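Presented below is the structure to which this report refers.
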Amino acid sequence: MLRLTWVQPEDLIGHELRQAALDGREPSAIAARWRAARGPEAPLRAGASPTPVSRYLRLLAKDLLDELADLPSTLGDSEPTDLRRIRALCPDWPASAGPSPVTRARLEAAWLGRAVGCLLGKPVEKLPLDGIRQLARAAGNWPLHTYFTARGVPGDLLAQHPWNRRSATTSLAENIDGMPEDDDLNYPLLNLLLMQRHGRGFTTADVAGLWLSELPAGRTFTAERIAYRNLLLGLEPPHTARHRNPFREWIGALIRADVHGWTNPGDPAAAAEQAHRDATLTHTANGVYAAMFTAAVIAAAATGTHDVHACLRTGLTVVPPGSRLARAVRHAVELAAEHTDFDTVVDRLHETHAATHHWVHAVPNTALVAAALTHADGDFSGSICRAVSGGWDTDSCGAAAGSIAALLAGAPAALPDRWTTPLKNRLATSVGDFNGTGFDTLAQLTHREASRS
């Protein structure tokens, strides 16, 4: 039986109930109706429950999803998705200065850094925090300082905390042979295509059209899969982000943000506006803010003239300061400055967010990336190891931290060989004609778009 993930109504309803509680709606009456009908809880880590429900429950789930969408939110005014309203809430929105020069070497480092951070996190994606710590300690790799390995790890521990089944064969230290395919690299490749075809003036409809022509549906997950489905149903942006999409504040838009920062070096406002146009295909509110924040941080880092702390402050200037994302990032940065032991920082973040947020939600993951970069003072190895050791969406957090820290490092030679050599200047992908392309070539193509007038 084909049990397609991330689209089954009976699985979506549990996620939407949690999302409603986060974004200022009162879902308790609808939740009671679902429980009274013996509807299942949302899967904790998987994208679908193992067996389908009755036709009645599926129809009920669809009706309740629509009723939840109609509930009023107390946060609508303080957490808008419309760009004009976002800007009105940001008193320190940066002036648009036009792009500054960026070197190919810096962009190559960024591509490499993103890949390395992603690869580091792939084997332990979906594992609980304690499992990550136990696996790394058993291999003598804690505090984390290199790729995960199964060598020396007891079999009973591997049985208790198995590696991510799709990644172990390509992402453990003993198995790495180039950069394997991952959505954390596929989306930057798609956005490079977007820049080549439409330039900085692209529209959200251009993003949608590119996805339909170049992105295999099976390579999408969570909010992106829902939006893809909505496009095929005939919906148009921004409705694609809202219709029966409980994942609209998850991390998917953040992992698409890098190219918007890379192609607007020194212009965080333009980078954030580009990220907004991309993100609103699939996301709303804090899911969009996470992408805007990341793009602005990267645009500041791409000039090589700011330290990581200034870059993170710049990122916050494009996020409504009263939003959940802004508050979470500020809290994470404060924790990182307060505690010398990063495990303590991570424990505090999990105490704050784990009970209320899914492990892929943008708010805790963005906070973790900010904490990792702050605590490591922007050092490349320190940043990616801290980001991945914090759990949650390990490959996406590692990729985001790696991209930013590598930009600050400035050149591929500044990244330790133990990280970059196994990549063999080659990545796998199903996007466009990029399969087998080297990171040096990707940097050259990105530089061309960053230099386009």
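Tell me, yes or no, whether segment 247-261 has at least one residue that is of a type in the set (Gly, Ala, Ser), more than 23 Å from ALA21 (Cβ to Cβ) and in the same structural domain as ASN191 (by TED's automatic domain parsing). Scanning segment 247-261, I find at least one residue that is of a type in the set (Gly, Ala, Ser), more than 23 Å from ALA21 (Cβ to Cβ) and in the same structural domain as ASN191 (by TED's automatic domain parsing), so the answer is yes.
Could you tell me whether any residue of segment 312-320 is among the hydroxyl-bearing types (Ser, Thr, Tyr) and touching a Pro at 6+ places or on another chain (Cβ under 6 Å)? Checked against the condition, which is being among the hydroxyl-bearing types (Ser, Thr, Tyr) and touching a Pro at 6+ places or on another chain (Cβ under 6 Å), segment 312-320 yields at least one hit.
Scanning segment 67-102 for residues that are among the basic types (Lys, Arg) and touching a helix residue (DSSP H, G or I) at 6+ places or on another chain (Cβ under 6 Å) yields a total of 0. Being in a helix (DSSP H, G or I) and touching a Leu at 6+ places or on another chain (Cβ under 9 Å) is a property that PRO123 has. The single condition among (1) crowded, with 21+ Cβ neighbours inside 10 Å; (2) within 22 Å of PRO412 (Cβ to Cβ) that GLU79 does not meet is (2).
Considering segment 86-117 alone, what residues qualify as being surrounded by fewer than 15 Cβ atoms within 10 Å (Cβ to Cβ) and closer than 27 Å to THR280 by Cβ? Once the filter is applied, which keeps residues that are surrounded by fewer than 15 Cβ atoms within 10 Å (Cβ to Cβ) and closer than 27 Å to THR280 by Cβ, segment 86-117 yields ALA88, PRO91, ASP92, ALA95, SER96, ALA97, GLY98.
Condition check for VAL102 on (1) under 23 Å from ASP440 (Cα atoms); (2) in a helix (DSSP H, G or I); (3) among the aliphatic types (A, V, I, L, M): one failure, at (2). Taking the numbered list (1) in contact with a His (Cβ under 7 Å, 6 or more places away or on another chain); (2) outside any loop (DSSP other than H, G, I, E, B) in turn, LEU235 passes all entries but (2).
Where helices (runs of 4 or more DSSP H) fall entirely within segment 332-409, those with at least 3 residues that are among the polar types (S, T, N, Q) are at 362-375, 380-389, 394-409. For first residues located in segment 119-144 and closer than 18 Å to ARG165 by Cα and not assigned by TED's automatic domain parsing to the domain that holds TRP392, partners that are part of a helix (DSSP H, G or I) and at pLDDT below 95 and lie 6+ apart or on another chain with Cβ distances below 7 Å form the pairs PRO123/ALA168. Cβ-Cβ contacts under 7 Å between residues 6 or more apart (or on different chains), taken from a first residue in segment 358-380 that is under 27 Å from ALA21 (Cβ atoms) and of a type in the set (Gly, Ala, Ser) to a second residue that is at pLDDT 95 or above and assigned to a loop (DSSP other than H, G, I, E, B), are listed as ALA362/GLU249; ALA362/ILE251.
The values are calculated or read from the model by the stated rules, or taken from the named source; none is laboratory data. This one's a predicted model, so the numbers in the text were calculated from it and none came from an experiment. Neighbour counts are summed over all protein chains in view; Cβ atoms, including those assigned to glycine, are modelled from backbone coordinates with ideal geometry.
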